1. Based on this model, can you work out whether residue B:125 counts as crowded, with 17+ Cβ neighbours inside 10 Å, at pLDDT below 90 and within 7 Å of chain A (Cβ to nearest Cβ)?
2. Could you tell me whether the stretch B:123-135 includes any residue that is in a helix (DSSP H, G or I), in contact (Cβ under 8 Å) with a residue 60 or more places away in the chain and over 20 Å from residue B:76 (Cα atoms)?
3. Of all residues in the stretch B:128-145, count the ones that are facing another protein chain (nearest Cβ under 9 Å) and either touching a strand residue (DSSP E or B) at 6+ places or on another chain (Cβ under 9 Å) or of a type in the set (Phe, Trp, Tyr) (or both).
4. Out of the residues in the stretch A:5-46 that are in contact with a strand residue (DSSP E or B) (Cβ under 8 Å, 6 or more places away or on another chain) and within 19 Å of residue B:120 (Cβ to Cβ), which is surrounded by the fewest Cβ atoms within 10 Å (Cβ to Cβ)?
5. Would you mind telling me which numbered condition in (1) surrounded by 24 or more Cβ atoms within 10 Å (Cβ to Cβ); (2) modelled with pLDDT of 90 or more; (3) not aromatic (Phe, Trp, Tyr) residue B:79 fails?
6. I'm trying to understand the selection: among the residues of the stretch B:156-209, which are at pLDDT below 90, of a type in the set (Ser, Thr, Tyr) and surrounded by fewer than 18 Cβ atoms within 10 Å (Cβ to Cβ)?
Amino acid sequence: MTKSNFSNALIAALMAGVLVAPVFGLQIVSVGLKTSLKPQWNMILAGMAIVFVFQMIRPWLRALAGRRMALPALPAMTEAGRHKAIVFLILVSLVWPFFGDRSQVDLATLVLIYVMLGLGLNIVVGFAGLLDLGFVGFYAVGAYTYALLYHWAGWGFWEALPFAGAMAALFGFLLGFPVLRLRGDYLAIVTLGFGEIIRLLLTNLYSLTGGPDGISGIPKPTVFGYPMLRRAPEGVTTFHQLMGWKFDNQDVIIYLYLATLCMVFFTLFVSTRVIRMPIGRAWEALREDEIACRSLGLNPTRIKLSAFTMGATFAGLGGAFFAARQGLVNPESFTFIESALILSIVVLGGMGSQVGVILAAIILTVVPELAREFAQYRMLVFGLVMVLMMMWRPQGLLPVKRPQVELKV
Amino acid sequence: MSDLLPQLTQQLFNGLSLGAIYALIAIGYTMVYGIIGMINFAHGDIYMIGAYVGLVTLSAIGVNSGLPLPVIVLIMLVVAIAVTGVYGYATEKLAYLPVRNSPRLVPLISAIGMSIFLENWVAIGQGARDMAVPALITGSVHFTMGGSSFQVTASYSRIMIIVVTVLLMIGLSLFIKHSRTGRASRACSQDLHMANLLGIDTNRIISFTFVIGAMLAAVGGVLIAVAIGKLNPFIGFIAGIKAFTAAVLGGIGSIPGAMLGGVLLGLAETFAAAYISSQYKDIVAFGLLVFILLFRPTGLLGKPEVEKV
C-alpha cells in the first residue's frame, strides 16, 4: 500500500461525498411553497466509505482481473447437431405455453416482441453500423397504423399487419433518404430527433390519434376470421363455438403468443437469409469501411437505405403485435427510453449476433419483471450496466466470430 | 397593427433569455466535441443536477435569511458550479476515459447509459415529481411602447439570465483566448495528437473541458430553475437535445458558434410558440436540427471536416 494510493483514495472519497451530498445527503422537503432540507449524514458517509475502500483495494482487484476470464463462446457444433438443437428449441417454444401459466405466457409474448424489435435494430446497428436512436418511432408507426385502421376503418389485425409493416417501411424510407448521408453520431442525433417528432405529433394530433390518451379497445387477432371472444357479436361465430370448446382467456393469450412466435420465426428467417445475400454482405462491408466500399463501386446511400427500411419494417410489425397485446396505444409507450432499451438489447447481445439479440431480449425483459420490488432502481442499474458493458465488454455477450485474415506488417 | 412592434419586442426578449440558457449548455457540447469528437449525451443531465444543487443550496440558506438577494444568487451559483464541476470530472473519468479509444459508437452508448443513470440517480435521491422552487426574484420591468396598450414585460429573473450569460461568455472567450490553459485547449481541438507531442497534458485538458462545460451548464440550470420556478429530474433530456441542436446550428466545435446557435434556437422556438402553436415548439426545434444537418452539416460558423484515408 503506497502513500499515493492512500491519498488518491482519500481524494476520491471526498469527491464521492460532494457527488452524493446534494442528491442523497440533503433531501429537499417542500411544504407548501417553503422548502427545507433533511440531512442524511449516514448516506454521505456510507458513500464516501464505499468509494474509499474500493479505491484502496483497486490495485489488488486489477491484479486479480489481470487473469482474464475466457470469453464464453457458443460451443462448437456440427451442422447436424445445430439443426437438431434448433428444431428442439422451436418445439419447446411451441409447446411450453400450454403448460405455463397465464402471466408467464403474456410476458413471453412481450419478450418475443422485443426479440422482433431487436432483430430489426440489429440489421440497422449491427450489420449496417448505423446508430439509430429513433427506432421507437417506427415501432410507434406500426402500432398506430393498426390502432388507427381499427379505430377509423374497423380493420382486423391480420388485414392491418402488412400495412403496419409497409407504413413503417415507408417512414423508414422517407426519413432515411435525407439523413443517411450523415456521419455516425450526427445520424444518431437526427434519428433521435425524428423519433421525438413522431411521438410529439402523435401527442398533438388530437383529432386523429386521441392525443395523450391514445386509442383503446384494440382487438386481439382472429383465428382465420373467427374472433376469440367470450360473447360473439350478432351473426359471428367465435372460435370456441366453432371448435365446441369452453371459452378460456388463457387460449387467447396462448394464441397471441403463438402468432407472435410465428412472426419472430419469419423475422429470424428473413434476416438470416438476407445477411447472406449480396445486399447483406454490402451492409457489413459498408460498416467496416465506407470509403473502400465507395471505391469498389457500391452506392452507400442505397445500401444504407435498404438496411434502414428493412429494420423499420420489422419494428412496424412488432408495433402491430404490441398494439394487439396491450389493447391500447398511447404516446407514452414510445419514449426515448424504449429506443435505448432496444439498443441495449442489440448491444448486450453483441452487435450483429442474432442468438445474442434473442438472449439479451429475454434477459432485459424478464429480469426487470422478476425484480419488481426494486422497480425504482431498475433504470439506475440499467444505465450503469450500459456504461459498464461498454467498458468491459463492448462486443456484447455473444459476439459474432467473423472469419478474418490480417496482414502482418 | 400598432401592437406588432411591442409584441415582437416581447418575443425577442423571451427568445433571448431562453437562447442564453441553450447557449450555456451548448458550449459544453461543442467544447467536448471539438476536442475528442464525442457527443456527451449526459451533458443535459449535468444541467439538471446543477439546477437541483441550486435548489438544495437555496433551501439551506432559506429564502428569508436576510441576506441580500444578489448574495444568495451568487452563493447558489458558486455551490452549483463547484458540485457540477466534480460531476463533470467524475463522469469523464468513470464513463468516458476508459472507452476513449474505442470505435465511435462505444463512447456514445456509454454516454447514453450515463444519462439514464444520472436521471434516475436524482429521481431516487430527490424524488421524481415536479419540485417547486421558491420564488426568489419577483417583479419585472414594464415598458410601454409607442403609446399603444400593449406593454413589454421583462421580469428581473430573465434579465438576470441574459446579464449573467453575457458576462460568462465574455469571461470564457477571454479565458480561452489568453490563458495558458485556454491556449492549450485550442491546440487540442486543432490536433490532439500533435498537442500531446508538444508536451501538453491532453488528459488534463480533456478533464478541464468537461469541467468547464459542466460548470456553465450548472449556471444555466440554476438560472432557469429560479426563473421558471419548478424542476424535475427529467428536464435535462429535452434541454440537452436542444442545446445540442444549438451547438450544431452554430457549427459544432466552435465556441462563438454555440453562443450564436443558442440564441438563434431560443428565438426560433419562442417565435414558433407565439405564432404557430406552443405545442409544436419542440417539433420546430427538432425540425430545425434535422434541416441544418441536411443542408449545412458544418453549421453556421463551423469548418468543413475533411475525411482522409
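1. On the way: crowded, with 17+ Cβ neighbours inside 10 Å: yes; at pLDDT below 90: yes; within 7 Å of chain A (Cβ to nearest Cβ): yes.
The answer is yes for residue B:125.
2. Keep residues of the stretch B:123-135 that are in a helix (DSSP H, G or I), which gives B:123-126.
Within this subset, residues satisfying the condition of being in contact (Cβ under 8 Å) with a residue 60 or more places away in the chain are B:123, B:126.
Those left that are additionally over 20 Å from residue B:76 (Cα atoms): B:123.
Looking for residues that are in a helix (DSSP H, G or I), in contact (Cβ under 8 Å) with a residue 60 or more places away in the chain and over 20 Å from residue B:76 (Cα atoms), one finds at least one in the stretch B:123-135, hence yes.
3. 4
4. Among them, the one singled out is A:40.
5. Residue B:79 satisfies every listed condition except (1).
6. Result: B:156, single match.
Conditions tested, residue by residue: (1) modelled with pLDDT of 75 or more; (2) under 23 Å from residue A:106 (Cα atoms).
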{"position": "A:188", "(1), (2)": "yes, no"}
{"position": "A:194", "(1), (2)": "yes, no"}
{"position": "A:219", "(1), (2)": "yes, yes"}
{"position": "A:227", "(1), (2)": "no, yes"}
{"position": "A:272", "(1), (2)": "yes, no"}
{"position": "A:275", "(1), (2)": "yes, no"}
{"position": "A:281", "(1), (2)": "yes, no"}
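Listed here are the residues, each with its yes/no results for (1) small (Gly, Ala, Ser); (2) over 26 Å from residue A:150 (Cβ atoms).
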{"residue": "A:218", "(1), (2)": "no, no"}
{"residue": "A:227", "(1), (2)": "no, no"}
{"residue": "A:236", "(1), (2)": "no, no"}
{"residue": "A:239", "(1), (2)": "no, no"}
{"residue": "A:257", "(1), (2)": "no, no"}
{"residue": "A:293", "(1), (2)": "no, yes"}
{"residue": "A:299", "(1), (2)": "no, yes"}
{"residue": "A:312", "(1), (2)": "yes, no"}
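The values are calculated or read from the model by the stated rules, or taken from the named source; none is laboratory data. Keep in mind the model is a prediction, meaning the values are calculated, not measured. Cβ atoms come from the backbone with ideal geometry, glycine included; neighbour counts cover every protein chain shown.
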